[in-house]
1. Given that compact globular proteins tend to follow 2.2 N^0.38 Å, what is the ratio of the alpha-carbon Rg of the stretch 385-471 to that value?
2. Keeping all protein chains in place and using 1.4 angstrom, which order do L178, L155, L87 fall into by accessible surface area, from largest down?
3. As an exercise, find the ratio Rg/Rh for the stretch 91-197 from alpha-carbon atoms, using the Kirkwood inverse-distance average for Rh.
4. Of the accessible area of the stretch 387-471, with the probe set at 1.4 angstrom, what percent is carbon plus sulfur?
5. Can you give the Kirkwood hydrodynamic radius of the stretch 1-81 from its Cα pairs, in Å with one decimal?
6. How much solvent-accessible surface does K314 expose, in Å² to the nearest 10, with a 1.4 Å probe and all protein chains in place?
7. With every protein chain left in place and a probe of 1.4 Å, what is the accessible surface of R368, to the nearest 10 Å²?
8. Name the shape class, rounded, prolate or oblate, that the alpha-carbon gyration tensor gives for the stretch 178-262, where a ≥ b ≥ c are the square roots of its eigenvalues, rounded holds for a/c under 1.5, and otherwise prolate holds if a/b is larger than b/c and oblate otherwise.
Amino acid sequence: MSIDYQEKIPNNVNLNDDRRLQRALEKWQPGYQKWWAELGPEESQNMDVFLRTAISVEPGGWANYGYVKMPEYRWGIFLAPAEEGRLINFGAHKGEPAWQEIPGEYRSELRRLIVTQGDTEPASVEQQRHLGLTCPSLYDLRNLFQVNVEEGRHLWAMVYLLHAHFGRDGREEAEAMLERHSGDADKPRILEAFNEKTPDWLSFFMFTYFTDRDGKYQLASLAESGFDPLSRTCRFMLTEEAHHMFVGETGVGRVIARACQLMTEYKTDDVRKHGGIDLETIQKYVNFHFSVSVDLFGQEISTNAANYYTMGLKGRYQETKIDDDHLLGDNPYQVAEVRGEGIIFTDQNALTAVNERLRDDYIHDCQRGVDKWNKIIAGAGIDFKITLPSRAFHRGIGSFSTVKATPDGRIITEADWDHQHGQWLPTDADREYVTSLMKAVTEPGKYAPWIAPPAKGINGQPGDFEYVRFN
Ligand code: BYC
């Protein structure tokens, strides 16, 4: 399925055959471009960026690299190929053919899911808009911009579904995506993590590691949807998401590698003296970004989530690979809760616990990158381990949001929390220090002193490749 780039809106959905839809999307397009110019990457309008653009949705369709000015990036609408005879694989409609049109009785639930998903995409672009001005290298600047244009396209993906399937209220929701803004006092983004600032590059790497990974798990659950256009859209979006998490995992890894180098070279833990970011500070950033990202999975026990599942709208991670009845009526699932000074796990109904199950899958996946970071530290002969905090730590959503807990999951008093949280979360002084390091390095092949160079270039490019031309 190749993508038609001759069209005003590149697409593989035969947009040409549906003039009304085409016109509606072409009407939305200038508002999008205006939003990109105003709230997209700052001062980037004229740069030539070595970007990857999908030329088809088949495996290998991604191998297309070249210099692009971002405002001219060909955002468009790409769905993964249809699977012939695809069925609904879970919930009350299990075994029925997947829907090509919205089932009327589930319209508002589907709209809500699509709007919540769509809202995060422009939010992240807004959160990251100042970072280009302090890039640690051209390589990193290019990666930031690649992430940004793809988040822009993910917004297009959700806006397409709203326009194509929800009529007038879908068009209104699409407009509203450009009206809400990250951190706006009156019209904030829907989910809390998307109203936080991403003020520095360590935060950016943590965000792409932890928060984009929520994207992976949410998109994978929506890819199971019985509403086939949503499933196909999310399947293609997932191919883009992988690069974002790569940027996060390798970015944090390179900051750690540089800290270890400095520790070894100067035989000290205090790498701040030598312009690095110390491992304790990196741990605090892990604690912060992990905890705000686990909140994104919602309440442990959720009737919303149970309804989405029974309706066949949002499944579990890799639903079809799970060996059970895919109805979850009486099945148990172990859910964590506060008991006294600690956390215990009790059996709950698996249907109302699907958010929690997804969170468990996510936490398990987060650990893999942490293990790799610890290998870098161990490889340098340094006795330090990065750890993920307990799920009870620093929560704003769910049962743990009513208590205070240490990173190792001990419930403590408010007073103890007030006294100690500066050891666990970045303090103003930590953030000021990290911010003080953020100075743009734009000479090809050069890197800021707080981060190691990457192991290899993008698409096999040499170390001194000019990933961005400033003109
Ligand atoms: N913040 O029953 P519950 C991505 C609300 S990231 C604020 O547990 P539910 C990306 C909730 O709305 C992926 N409010 O809720 C990453 C509900 O409100 P009502 C984004 C929250 O619906 C990086 C109430 O609390 N995609 O793609 O089961 C860069 C009760 O909660 C939050 C999706 O999230 C929160 N964190 O679960 C770019 C997928 N959590 O009904 C992109 C679509 C809960 O009382 N969304 N609430 O008014 C969903 O599936 C669900 O909406 C959620 C929440 C999983 C988020």
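The values are calculated or read from the model by the stated rules, or taken from the named source; none is laboratory data. What you are looking at is a predicted structure, and each value in this text was computed from that prediction instead of being measured. Neighbour counts are summed over all protein chains in view; Cβ atoms, including those assigned to glycine, are modelled from backbone coordinates with ideal geometry. Note: areas computed on protein heavy atoms with side chains; ligands, DNA, RNA excluded. Shrake-Rupley method; radii C 1.70, N 1.55, O 1.52, S 1.80 Å.
1. Working: Rg = 20.2 Å, N = 87, 2.2 N^0.38 = 12.0 Å.
In units of the 2.2 N^0.38 Å rule of thumb, it is 1.68.
2. Largest accessible area first, the list is L87, L178, L155.
3. Rounded to two decimals, Rg over Rh is 1.08.
4. Carbon-and-sulfur percentage of accessible area, whole number: 50.
5. After inverting the pairwise mean of 1/r, the radius is 13.9 Å.
6. Looks like 30 Å² after rounding.
7. 120
8. oblate
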